[in-house]
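*Asks:* The structure under discussion is supplied below as structure tokens; questions concerning it will follow.
The values are calculated or read from the model by the stated rules, or taken from the named source; none is laboratory data. Keep in mind it's a predicted model, so treat the numbers as computed, not measured. Every residue, glycine as well, gets a Cβ built from its backbone with ideal geometry; the counts of neighbours run over all protein chains shown. Side chains included, ligands, DNA and RNA excluded: accessible areas come from the protein's heavy atoms. Shrake-Rupley method; radii C 1.70, N 1.55, O 1.52, S 1.80 Å.
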Number of protein chains: 2
Amino acid sequence: MIKKTVALALSVSLVTTSASAQQEPPQPPADPSQVAWDIVSDLTTEIGPRLAGSPREAAARDWAVERLTRLGFTNVRIEPFTLDGWVRGEETARLTAPYPQTLAITALGTSASTGAKGISGELVYFPTLAALRAAPASAVRGKIAFIDHAMRASQDGSGYGPFGDARRSGPAVAAEKGAIATVIRSAGTDNHRNPHTGATNFTAPGKAVPAGAVSNPDADLIAKIAAKALPMHLALKLTGHPVGKLSSGNVVADLPGRDPTLAPILVACHLDSWDLATGAIDDGAGCAIVAAAALAAQNGGAPLRTIRVLWAGSEEPGGVGGDAYAAAHKGQPHALVMESDTGADKVWRVSFDLTEANGPLADRIVEALAPFGIVRGTSKANGGTDVEPIAKAARSGVIGLNQDMTRYFDIHHSPDDTLDKVDRDGLAQNVAVWTTVLRIVANEPGSIAGM
Amino acid sequence: MIKKTVALALSVSLVTTSASAQQEPPQPPADPSQVAWDIVSDLTTEIGPRLAGSPREAAARDWAVERLTRLGFTNVRIEPFTLDGWVRGEETARLTAPYPQTLAITALGTSASTGAKGISGELVYFPTLAALRAAPASAVRGKIAFIDHAMRASQDGSGYGPFGDARRSGPAVAAEKGAIATVIRSAGTDNHRNPHTGATNFTAPGKAVPAGAVSNPDADLIAKIAAKALPMHLALKLTGHPVGKLSSGNVVADLPGRDPTLAPILVACHLDSWDLATGAIDDGAGCAIVAAAALAAQNGGAPLRTIRVLWAGSEEPGGVGGDAYAAAHKGQPHALVMESDTGADKVWRVSFDLTEANGPLADRIVEALAPFGIVRGTSKANGGTDVEPIAKAARSGVIGLNQDMTRYFDIHHSPDDTLDKVDRDGLAQNVAVWTTVLRIVANEPGSIAGM
């Protein structure tokens, strides 16, 4: 009964002729920001961490089907796929020389296991990934490489590209030179004893070696000792390891438009999270924002175009869900794609990948977002991991609603990604901004496409 | 050689007739804030965590003797004592119902062990310690008590008294009612996944039960589930446990005054730290401040009174070092005591426990601190754990240089207490303020005493 009432409350202005709606007085639509808050609050509380391919990710899919159905979405379904799995194990690191110090460490996704007994070896310090690349193999062979970097917080999050390469590529570079393991400074901008995990890419599964990240204060300690030119030794245990194929899936749900001949608008987030925290900003908030805004765009009547919500699975290991969506929907037109996957802080900029013919549409959006103080970016929108494959295949337009990422990499992929990090004012602004844009694009009768 | 040169640099204005000083040109005194930084930086880097009674606390004492001697202190010695020891073990907590969630937990000092297999039981939520006190034993017996509280950050740190009682007294209250274990919300004001440890007091060693603290985000999760009135079950493993008597000690060092008939000034901090971090703000910074300021007060010539530095051992288990100092120095006059044990943020207030006859002395200090914007507090200074026993025994005067504690309980007793948390500007201000006060009090020829 509760389900039905809530669904009606949300769709009442849409389905005014239904029998139920005539029997009871119409209720006002649910507050969209409350809808969003409830999604991220309940997902993090009731499901919690949901590693790609894990039983908890499966539980999250079931939870998502129930929630999206209750909210009034139609055709809510799971589209299954498989991925190369990875499971976490024990993780400890202890500097044994020149000073005994315990380090806060976590394994990177795809890391090989050290075995239960762990390994130990000399820890060789490289201030940058470039320094490691430039080093001869003899400097690393048989040793543990430490890769430092200097990532700083920025509003556009642009530090994650170059400095995040220490994580994405560093362990493979060290392995190629014969390192027995790699430890990096976390790709994070906070100063807490919480290491940030994330996927690393070995050149082949058989070439994986143990790879972990220490927290920034621990990396500071290592850098301080390295500056004294004192030899360092590390005892390292990381028993996380790859496991064959695991099951995952995308959750897809529609809000049908009035004109089924028009290509839909796809709005996406990802449902999986890293396993160190409950995945509030990465990406529970994104799922909350896109679903709440899609619903709010129905208030006052269904728009012309169908809005489809994609809560993708297994984004964190490398966009597996986005690839699976593109494969499953090959050849199907998608007018426009949008993704929310950078937290819940306020949107400050809008960027586009639209044809020249869609210039007036972009101008209308910029004008509609001006009351929010949102500026127009000069770079082409790239969509995001979950929507890029279908956007490329379907030549969809892309709109990027860029969130303030100043705080994002303090929290991202760390044990700190919990509900308290979601700023409710920021979340409400996101829903309002997304709703504004969706009302415009979903009511655009003309062709929408990317460059 | 390095030792001698540094010591000379610091004491050159004091010992201008020494042969060495005549052979080489006098060097300017070391920058006192650099002296302080080097102490906290090197102590945290080279020694790291130094739990009361542990081998690392012993290593810290040796390090301290070497450093204080090198800096020019005289009669540098270790005054040994023993304490009831406690060692940390494994610590995990997992909510098994109504939702599977892993909690970030740490054991409280004096906690009993759950045993290696852990325990599990219903987790019963109490919003406050008062609610637990008011509850019938039947509400807790055979269960695990959860004690919540609402400690908030404040400049004077006053929340730690009342809300910290959840930690200090809560586990004993629950144990008296038959709880099999207690978990509390950390007595901390941050929102990171880092639980705060600290000592808890059972009514007798035999009455100890397992007791731990979860991080604030984990406590938020528990509170959210409790608000739904859903039964909670917890699987808890805390294998830390008391171990008989362990060896500890105080490090004591003097800077002799010109008039040995005058009672000395005692400035104190504590050298031990909790074991989750390197003890930068609690209390490496305090040791750095008192030692650097004591040295700087010699610049321009030794003052009338001896300044004695006490780097106390085993403060964290309950002021064991302070008690041992008072016992070892029973009957010895101490004119005035001061302690630095609340981080490295700036001094904002000065408070006193001085006789009425010392009113003009207090007024001169207030006047001298006015350029720092420091206000005069209206409450009587209480000194601090390391100096209270001797102050009480010797009827010493007390001056409290109250630091801004707004950030202090974000970090205190948590894995986050690392060097990066020390604000160098704040540290330098502390050294300057302490030096100002020490120059006044150490040159006071008249009697100094407490009320």
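*Asks:* What helices (runs of 4 or more DSSP H), lying completely within region B:363-451, carry at least 3 residues that are open to solvent by less than 30 Å² (accessible area, probe 1.4 Å), at pLDDT 95 or above and touching a strand residue (DSSP E or B) at 6+ places or on another chain (Cβ under 7 Å)? It would help to see each step written out before you state the result.
*Replies:* On the way: elements: B:388-394, B:408-411, B:424-441.
Those helices (runs of 4 or more DSSP H) span B:424-441.
*Asks:* Give me the strands (runs of 3 or more DSSP E) completely within region A:90-209, filtered to those with at least 1 residues that are among the hydrophobic types (A, V, I, L, M, F, W, C), away from chain B (no Cβ under 14 Å) and surrounded by fewer than 21 Cβ atoms within 10 Å (Cβ to Cβ), ordered by residue number. Let's see the steps before the verdict.
*Replies:* Numbers: elements: A:91-97, A:101-103, A:105-107, A:119-126, A:144-147, A:181-185.
Result: A:119-126.
*Asks:* B:T378 - would you say it is among the β-branched types (V, I, T) and more than 22 Å from B:A285 (Cα to Cα)?
*Replies:* Numbers: among the β-branched types (V, I, T): yes; more than 22 Å from B:A285 (Cα to Cα): yes.
Against the criterion (among the β-branched types (V, I, T) and more than 22 Å from B:A285 (Cα to Cα)), B:T378 qualifies.
*Asks:* In addition: Against the condition outside any loop (DSSP other than H, G, I, E, B) and either of a type in the set (V, I, T) or surrounded by 19 or more Cβ atoms within 10 Å (Cβ to Cβ) (or both), how does B:A277 come out, does it pass? I'd like the intermediate steps shown before the answer.
*Replies:* Values: outside any loop (DSSP other than H, G, I, E, B): no; either of a type in the set (V, I, T) or surrounded by 19 or more Cβ atoms within 10 Å (Cβ to Cβ) (or both): yes.
Taking the combined requirement at face value, the residue does not satisfy it.
Each row is one residue, and each column tells you yes or no for (1) more than 14 Å from chain B (Cβ to nearest Cβ); (2) free of Cβ contacts under 8 Å to residues at least 60 places away in the same chain; (3) on the phi > 0 side of the Ramachandran plot.
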{"site": "A:G359", "(1), (2), (3)": "yes, yes, no"}
{"site": "A:A362", "(1), (2), (3)": "yes, yes, no"}
{"site": "A:I365", "(1), (2), (3)": "yes, no, no"}
{"site": "A:F372", "(1), (2), (3)": "yes, no, no"}
{"site": "A:V398", "(1), (2), (3)": "yes, no, no"}
{"site": "A:H412", "(1), (2), (3)": "no, no, no"}
{"site": "A:A432", "(1), (2), (3)": "yes, no, no"}
{"site": "A:T436", "(1), (2), (3)": "yes, no, no"}
{"site": "A:A442", "(1), (2), (3)": "yes, no, no"}
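*Asks:* Looking at region B:33-62, which of its residues are more than 19 Å from A:D218 (Cα to Cα) and open to solvent by 40 Å² or more (accessible area, probe 1.4 Å)?
*Replies:* Residues satisfying the conditions are B:Q34, B:P55, B:D62.
*Asks:* State yes or no: is B:N358 in the same structural domain as B:A324 (by TED's automatic domain parsing) and either farther than 29 Å from A:A104 by Cβ or outside any helix (DSSP H, G or I) (or both)?
*Replies:* On the way: in the same structural domain as B:A324 (by TED's automatic domain parsing): yes; either farther than 29 Å from A:A104 by Cβ or outside any helix (DSSP H, G or I) (or both): yes.
Spelling it out, B:N358 is indeed in the same structural domain as B:A324 (by TED's automatic domain parsing) and either farther than 29 Å from A:A104 by Cβ or outside any helix (DSSP H, G or I) (or both).
*Asks:* Please verify whether region A:25-41 includes one or more residues that are within 12 Å of chain B (Cβ to nearest Cβ), modelled with pLDDT of 95 or more and in contact with a strand residue (DSSP E or B) (Cβ under 7 Å, 6 or more places away or on another chain).
*Replies:* no
*Asks:* Got a sec? Which of B:D218, B:D254 is of a type in the set (D, E, K, R), open to solvent by less than 10 Å² (accessible area, probe 1.4 Å) and either within 14 Å of chain A (Cβ to nearest Cβ) or farther than 30 Å from A:L419 by Cβ (or both)?
*Replies:* On the way: B:D254 fails: open to solvent by less than 10 Å² (accessible area, probe 1.4 Å).
Every option except B:D218 fails the conditions.
*Asks:* Looking at B:V320, is it modelled with pLDDT of 95 or more, farther than 24 Å from B:G72 by Cα and open to solvent by less than 20 Å² (accessible area, probe 1.4 Å)?
*Replies:* Working: modelled with pLDDT of 95 or more: yes; farther than 24 Å from B:G72 by Cα: yes; open to solvent by less than 20 Å² (accessible area, probe 1.4 Å): no.
For B:V320, the condition - modelled with pLDDT of 95 or more, farther than 24 Å from B:G72 by Cα and open to solvent by less than 20 Å² (accessible area, probe 1.4 Å) - is not met.
*Asks:* Moving on. Considering only region B:66-88, state which residues are open to solvent by less than 30 Å² (accessible area, probe 1.4 Å) and not in a strand (DSSP E or B).
*Replies:* B:R67, B:L68, B:L71, B:G72, B:F73
*Asks:* What about B:A223, is it free of Cβ contacts under 8 Å to residues at least 40 places away in the same chain, surrounded by fewer than 21 Cβ atoms within 10 Å (Cβ to Cβ) and either within 14 Å of chain A (Cβ to nearest Cβ) or of a type outside the set (V, I, T) (or both)? Steps first, please.
*Replies:* Working: free of Cβ contacts under 8 Å to residues at least 40 places away in the same chain: no; surrounded by fewer than 21 Cβ atoms within 10 Å (Cβ to Cβ): yes; either within 14 Å of chain A (Cβ to nearest Cβ) or of a type outside the set (V, I, T) (or both): yes.
For B:A223, the condition - free of Cβ contacts under 8 Å to residues at least 40 places away in the same chain, surrounded by fewer than 21 Cβ atoms within 10 Å (Cβ to Cβ) and either within 14 Å of chain A (Cβ to nearest Cβ) or of a type outside the set (V, I, T) (or both) - is not met.
*Asks:* Specify the residue that is farthest from B:T82 (Cα to Cα); the eligible residues are those in region B:51-64 that are among the hydrophobic types (A, V, I, L, M, F, W, C) and away from every other protein chain (no Cβ under 11 Å). Write out each step before concluding.
*Replies:* First, the residues of region B:51-64 that are among the hydrophobic types (A, V, I, L, M, F, W, C): B:51-52, B:58-60, B:63-64.
This time we only want the ones that are away from every other protein chain (no Cβ under 11 Å), so: B:51-52, B:58, B:60, B:64.
On the way: B:L51: 13, B:A52: 10, B:A58: 12, B:A60: 16, B:A64: 19 Å.
Result: B:A64.
*Asks:* Report yes if A:G48 is within 14 Å of chain B (Cβ to nearest Cβ), under 17 Å from the mean Cα position of the chain (by Cα) and under 13 Å from A:S273 (Cβ atoms), otherwise no.
*Replies:* Yes: the conditions hold for A:G48.
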